[in-house]
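The block underneath contains the structure these notes are about, expressed in C-alpha cells.
The values are calculated or read from the model by the stated rules, or taken from the named source; none is laboratory data. All values reported here derive from a predicted model rather than from experimental measurement. Every residue, glycine among them, receives a Cβ derived from its backbone with ideal geometry; neighbour counts consider all protein chains shown. For accessibility, only protein heavy atoms count, side chains too; no ligands or nucleic acids. Shrake-Rupley method; radii C 1.70, N 1.55, O 1.52, S 1.80 Å.
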Amino acid sequence: MKKMHTLALSIARAKLKGTPYKLNYAVTYRCNSRCRICNTWKRYVISPEKQKEELSLPEIDSIFREVDLSWLSLTGGEPFLREDLAAIALTAEKHNPHLQMLSIPTNGSLPDTIFKTAELLLEEMKIPNFLITISLDGGEELHDQLRGVKGLWKKARETYYLLKSIEDDRFEVFLEFTISKFNAGHLKNALDSFGVADYSHVVVTAAHSSYFYASEQTDLHEASSLLQAHEYLSLQNFSTPESVIPYIYGRLLEKRFKKIPFSLQCVSGRSSFFLDPYGFLYPCISWDEPLGKVKETSLRELLRGKKTRSLIEKIKKGDCPRCWTPCEAYQTILENFPLALAAALLK
C-alpha cells in the first residue's frame, strides 16, 4: 500500500476524538466451504431460515450513518456470496468520509465475481487502501481437504492471479495462511506450489476457537505450530513500513505458542467492534457478549452504553477470551506500538 499514512492519520484523528475507528462486519454467514477448523458454514445448514434475518441494504445504510470509520473489514462466511457486497462498501464510503482502508477476506471460490467486484469498487470508490486476502491452508490436496471442497485450491489460485493483474496503486492482494496442527510443515510448500515468488504479500494467523467461528475446538495446535510461525518469519524480510505490523504479530504469535507472556492493552470494545449479519454488536469476534442489537437501539447509543463500558473494563483486566487474531491484534499493536515492538524484539 502506498497510502498507508492516510490510515494512520485517520486513526490518530479518531483517537483524539475518542471514537472507534474500525468495524469488522460479517455481511453474511453463508459459506460454500466446509472448513475443518470453522463451523460458520453449519449455521444455515442447521437453520436455513436464519438467512432471512440478515441486515438489508437500507438497514446497513442507516448503521453507517452513525459512525465515522477509518477502517472497515467486510467478512463472512464468504462475503462475496452476498450479491450486494459492492453496494455495502460504497454505502460505507458515502457516510464515512474518513474511511481509509477497506479489507475483504475470501476463500477465493468465486474468481469472476471477486475480480469483477474488485474492479467495480476501484472504479466507483475513492478509498485509498483496498486489499483482499485469500485463504491458503496448504498445497492443492491438503488445502481442499482442510476446506472440505474439492477444486477450491484451483479456484483460489485463479482468483489470486486475476486480482494480481489489477494495476491500481490503491489495491493489493494478500494470501493468508492459517497455522494449525493440521497443516504443520506445509507453509513453504503451499506458497511455492501456489506460485508465490514474493513472500511480502503473505500474512499468517493462528487457528482458534471463537463465537464468530461457531467453534469450541481446543486441540488446534501442537509444537509444530511454533515451528510454522518461526518459518513464516524466516521467509520474510519485512523491509517496508507496512510490513512492521505483520512482523510484530508473527513474533508475538511465537511467544503465544511458547507461553511467554507479554502485556498489551487490547483495544477491542473501544477502538474496534464486531457486527454480525443480524445486527448484533460485539466488542470483538471472539467473545459471545453482545452489546445489543442495532435494529432495536441505535449504534451510537450502544457504543456509549453501560454494557459497553462494563465490557471495556473487563477487557482491560484481561477478563475475556484473550485471543490473538489479526482482526483484533493489529489495532492493539498499532495503539501500543512502542511496547509491542519491544515485546517482539525481546527474546
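What to note about this one:
- Taking every DSSP bridge with both residues inside the chain, close to 15 percent are antiparallel.
- Cα Rg, Dmax, the chain, angstrom units: 18.9, 51
- Restricting the range 1-74 to GluC sites (Glu not before Pro) in coil, as DSSP defines it, with at most 16 other Cβ within 10 Å: E66
- Comparing mean-square fluctuations of Y330, Y278, Y44 from a GNM of the chain with C-alpha springs under 10 Å, the top value falls on Y44.
- Cα-projected label distance for K188 with S56, points at 7 Å along beta-carbon direction, nm: 5.5 nm
- Counting only protein heavy atoms and a probe of 1.4 Å, the accessible surface of the chain is 53% carbon and sulfur.
- Where N is the number of residues in the range 16-77, Cα Rg divided by 2.2 N^0.38 Å: 1.38
- When cysteine pairs in the chain are screened for C-beta atoms closer than 4.7 angstrom, the residues that find no partner are C31, C266, C284, C320, C323, C327.
- Distribution of pairwise C-alpha distances over the range 35-110, 5 Å bins, in %: 3, 13, 22, 22, 19, 12, 7, 2
- Relative contact order (percent, whole number), the range 250-329, Cα cutoff 8 Å, 6+ residue spacing: 27 percent
- Share of alpha-carbon pairs per 10 Å distance bin for the range 267-347, given as whole %: 18, 46, 27, 8, 2
- Note that the range 223-325 shows a convex hull volume over its alpha carbon atoms of 132 Å³ per residue.
- Note: relative contact order over the chain, using C-alpha pairs below 8 Å and six or more positions apart, is 18 percent.
- Per-selection Rg to Rh, the range 77-215 - Cα, Kirkwood hydrodynamic radius: 0.97
- Placing R0 at 30 angstrom, the Cβ-Cβ distance between T113 and E216 gives a FRET efficiency of 0.40 after rounding to 0.05.
- Cα→Cβ-extended label distance, 7 Å offset, between E301 and K316, nm: 2.5 nm
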